[in-house]
Each structure stands twice: as structure tokens, then as C-alpha cells.
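> Please find one structure pasted underneath; my questions will follow.
The values are calculated or read from the model by the stated rules, or taken from the named source; none is laboratory data. Keep in mind the model is a prediction, meaning the values are calculated, not measured. For neighbour counting, all protein chains shown are included, and Cβ atoms are generated from backbone atoms with ideal geometry for every residue, glycine included.
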Amino acid sequence: MKQPQVYITKKIPREVIEPLEKMATVKMWDAENEKVPVQILKTEAAKSTAIFTTLDDIIDQSIIENSPQLKVIANMAVGYDNIDISTATKHSIFVCNTPDILNDTTADLAFALLMSTARRIVEGYHFVMDGCWKNWGPLLMVGRDIHHKTLGIVGMGRIGEKVAKRASGFDMEVLYHNRSRRESVEKALNTTYCSFDELLEKADFIVNLLPLTDDTKNKFNEIAFSKMKNSAIFINVGRGMSVVEEDLVQALQKGEIAGAGLDVFREEPISNQHPLLKFNQVVVVPHIGSATIETRTKMMELTVHNIVNVLQGKYPKAYVNK
Ligand code: DGY
């Protein structure tokens, strides 16, 4: 009997995909610095029972409807806004993700961005490297305190809980806003629920962890930034589309907020000519929320596990179809 085909859109270490190779013909796009062209992805998906995707692969209606054998789209990410879930579900295709295993790692990155922005770490590094450091000054490179400040978490899911836990070590007051109130988290992590507007007005640091949905798109816009304190620092490790970037640029220009630490952008990769990159008080990294060797290995393994289960006729470990 002909083996099923699994198509993998990125270069994944051979040892991780071994379980798949025992049961399927595995094909992989293995160019390190080039994304699989849409036409190749479409052609390969059309012949595949499973596809292993990442968050920059757009799996839309046309790809799904052109892939009659497809049983599973396994995304190596907790987010899945790159996949047309309703079309997949309509065609009885599992859409899988990699929840939980990246919570701590992503919370670490949120805090790393928060601290680097508040304490001007990147600016300080360039100051030293560029030979600008001539003497010690009482106000040289002064940043803003983190400890005993108010942190506002927008999107209190499992990553949010980990961010709140870290904040308690800094004696921060933690506010959160979420679709629904989470009393268990309030008790366990000493956090306070508040409206979006109240959070914007009160927080010194605002961390966005929202997934991308119709409701969260453009949520951080001109109005939202104007409600923040002039000393506020905005951190985004959720999705870039939640932020109207021109409005963020304006807010930074007008001094409506003090800085931003950004892992995600509307268009990724962001151009190095983007106006956001002109500000000293903006710290950027290339969507590396979950990028540690330990976590990325677990994410690849879970993605493989999800596919193996479906190929064996079982439910995947993590799937998001309703
Ligand atoms: C995800 O998994 O959705 C994250 O954005 C990766 O960092």
C-alpha cells in the first residue's frame, strides 16, 4: 500500500522527524533562509495527508480545498491565525498547535523585553560599543524602575499567568484584562481584573499577549495609546496585527508613551527601514518568544506527535477545531 505523504515547510532535525519516517514519506522544504514558495506548498499539500507548518505559512481556503487527502495541519506554534480553521474543520481536517510547553519561555521573553526597554539595555550597549562612554554621570542612561510598579497584562491565558508569576518577584502590582474574568488566577497570583481602559490608564507596563482574532485586531490604536501614561512602556509578544503600528509611532513621537519592546509585527520580517526602528526607546527582536533550544525542540516533537497520532487514526494531543 502507498505510504501517506507528510510535507514539512521548514528544515527540521532528522532525529525529530524519525517517528514520521517510520510511517510516511516525508518531504521537507530545507532552505534555511527562504520560505517555501506558495505554489510549491500548494502542490505538496495537494499530495499530502499531513502538513507540518509554522506561523508564517498561510494555509488558506484555496490550499485546503486543493488538498483532498489532507487529514491534519500541524502548526508548530501556540497561535494558529495563519490557518483557515473553519474551512479545515468543514473538511474534517485537524488543526493542531503546541500549547503549554512554551508558556514559561514566552513569559521570560516578555520580561526580557520589559527589562531591556525600561533599563535601556540595547541603547547602553550601543553607547559603549560606539565609544560614547566618556565618564560616569548621575543621570547617564537612567531608565525606569520595574520593581513596585504596576504591570497590566492584556490577555490572561497560560502565558499571562507565567508573566504574572514573574512580576510577583519584582513586587509589582498586577492588573489584567481578559475576555472573561478569571477568579482562580486572581487568588493564586494576586492579580486584579479591570477593564481595558482602566488597565491602560493605570499600568506602568502593558504586556499584550492576545491571540489574533477579529476582536483583537488593531486593539492597540491611537485611542488606546492616548489613554496610557506618558511614562508607560508597551510590550508586545502576542501578535503584530493587534497593534496599529503608525499609531504606535505617533504615540512615541508625541511622547504619549515612553517606550516599546516588540517581538511581533504586522509584517514579519519587519523592514529595517520601518519607522518604529528609528526610536532609541524601542527594543525589537525577531519573533523569538518561544525560541530556546529546549522549547523549540519540544514544539517540534509535539508537532510530530500530533501528526503521528492522526496517521494512526487517533486524536492528536493538541488540536483547536471546535
Ligand atoms: C507562537 O507559538 O504562536 C508564538 O508566537 C511563537 O513565538
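> Is it the case, given these coordinates, that N236 is at positive phi, under 17 Å from the mean Cα position of the chain (by Cα) and not assigned by TED's automatic domain parsing to the domain that holds K10?
On the way: at positive phi: no; under 17 Å from the mean Cα position of the chain (by Cα): yes; not assigned by TED's automatic domain parsing to the domain that holds K10: yes.
It is false that N236 is at positive phi, under 17 Å from the mean Cα position of the chain (by Cα) and not assigned by TED's automatic domain parsing to the domain that holds K10.
> Do we find that N190 is on the phi > 0 side of the Ramachandran plot and assigned by TED's automatic domain parsing to the domain that holds M115 in this structure? Step through it out loud before you land on a result.
Values: on the phi > 0 side of the Ramachandran plot: yes; assigned by TED's automatic domain parsing to the domain that holds M115: yes.
Judged against the criteria, N190 is a match.
> Just to verify a result, which residue in the stretch 290-299, among those that are in a helix (DSSP H, G or I) and within 12 Å of the ligand (Cβ to nearest atom), is farthest from the chain's Cα centre (by Cα)? Explain how you work it out, then say what you get.
Let us first name the residues in the stretch 290-299 that are in a helix (DSSP H, G or I), namely 293-299.
Remaining after also requiring within 12 Å of the ligand (Cβ to nearest atom): 295-296, 298-299.
Numbers: T295: 14, R296: 13, K298: 16, M299: 14 Å.
In this case the residue turns out to be K298.
Residue-by-condition table, conditions (1) of a type in the set (D, E); (2) surrounded by 20 or more Cβ atoms within 10 Å (Cβ to Cβ):
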position	(1), (2)
I59	no, yes
D81	yes, no
S92	no, no
V95	no, yes
L114	no, yes
I153	no, yes
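> On to the next question. Do we find that Y319 is under 23 Å from K10 (Cα atoms) and at pLDDT 95 or above in this structure? Reasoning before the result, please.
Numbers: under 23 Å from K10 (Cα atoms): yes; at pLDDT 95 or above: yes.
So Y319 passes the test.
Residue by residue, here is whether (1) free of Cβ contacts under 8 Å to residues at least 24 places away in the same chain; (2) under 21 Å from the mean Cα position of the chain (by Cα); (3) more than 14 Å from N306 (Cβ to Cβ) holds:
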position: V6; (1), (2), (3): no, no, no
position: K22; (1), (2), (3): yes, no, yes
position: I40; (1), (2), (3): yes, no, yes
position: S48; (1), (2), (3): no, no, yes
position: F52; (1), (2), (3): no, yes, no
position: T89; (1), (2), (3): no, no, yes
position: F94; (1), (2), (3): no, no, no
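> Would you check which residues across the stretch 300-322 are assigned to a loop (DSSP other than H, G, I, E, B) and of a type outside the set (A, V, I, L, M, F, W, C) and list them?
To start, the set of residues in the stretch 300-322 that are assigned to a loop (DSSP other than H, G, I, E, B) comprises 312-318, 320-322.
The answer is Q312, G313, K314, Y315, P316, K317, N321, K322.
> Can you tell me how many residues in the stretch 238-256 are over 28 Å from A77 (Cα atoms) and basic (K, R)?
1
> Considering only residues that are part of a loop (DSSP other than H, G, I, E, B) and of a type outside the set (S, T, Y), which ones fall in the stretch 1-27? Steps first, please.
Going residue by residue through the stretch 1-27, those that are part of a loop (DSSP other than H, G, I, E, B) are 1-4, 9-13, 22-24.
Once the filter is applied, which keeps residues that are part of a loop (DSSP other than H, G, I, E, B) and of a type outside the set (S, T, Y), the stretch 1-27 yields M1, K2, Q3, P4, K10, K11, I12, P13, K22, M23, A24.
> In addition: Scan the helices (runs of 4 or more DSSP H) fully inside the stretch 52-148 and keep the ones with 3 or more residues being within 13 Å of the ligand (Cβ to nearest atom). Please lay out each step first, then the result.
Values: elements: 61-65, 85-90, 103-118, 121-129.
Filter on the stretch 52-148 gives 103-118.
> Checking H147 against (1) surrounded by fewer than 23 Cβ atoms within 10 Å (Cβ to Cβ); (2) touching a His at 6+ places or on another chain (Cβ under 8 Å), only one condition comes out false. Which one?
Looking at each condition in turn, H147 falls short on (2).
> For the stretch 254-263, state whether one or more residues are within 14 Å of the ligand (Cβ to nearest atom), at pLDDT 95 or above and under 19 Å from the mean Cα position of the chain (by Cα).
Yes, the stretch 254-263 contains a residue that is within 14 Å of the ligand (Cβ to nearest atom), at pLDDT 95 or above and under 19 Å from the mean Cα position of the chain (by Cα).
> Need the failing condition index for G313 against (1) within 23 Å of A232 (Cβ to Cβ); (2) of a type in the set (G, A, S); (3) more than 14 Å from the ligand (Cβ to nearest atom), just the number.
(1)
> Quick check on the stretch 209-263: of everything there that is part of a loop (DSSP other than H, G, I, E, B) and of a type in the set (V, I, T), which residue is surrounded by the most Cβ atoms within 10 Å (Cβ to Cβ)? So that I can check it myself, show each step before the final result.
Restricting attention to the stretch 209-263, the residues satisfying the condition of being part of a loop (DSSP other than H, G, I, E, B) are 209-219, 221, 228-232, 237-239, 244, 254-258, 263.
Applying the additional criterion that residues be of a type in the set (V, I, T) yields 213, 216, 237, 244, 257.
On the way: T213: 13, T216: 19, V237: 28, V244: 20, I257: 23.
For the stretch 209-263, the residue satisfying everything is V237.
> Please work out which residue is nearest to the ligand (Cβ to nearest atom), limiting yourself to the stretch 264-289 and to residues that are closer than 20 Å to P211 by Cβ and buried (at least 23 other Cβ atoms within 10 Å of the Cβ).
Once the filter is applied, the top-ranked residue is G289.
> Given the options I159, I206, name the one that is buried (at least 20 other Cβ atoms within 10 Å of the Cβ) and touching a helix residue (DSSP H, G or I) at 6+ places or on another chain (Cβ under 6 Å).
I159
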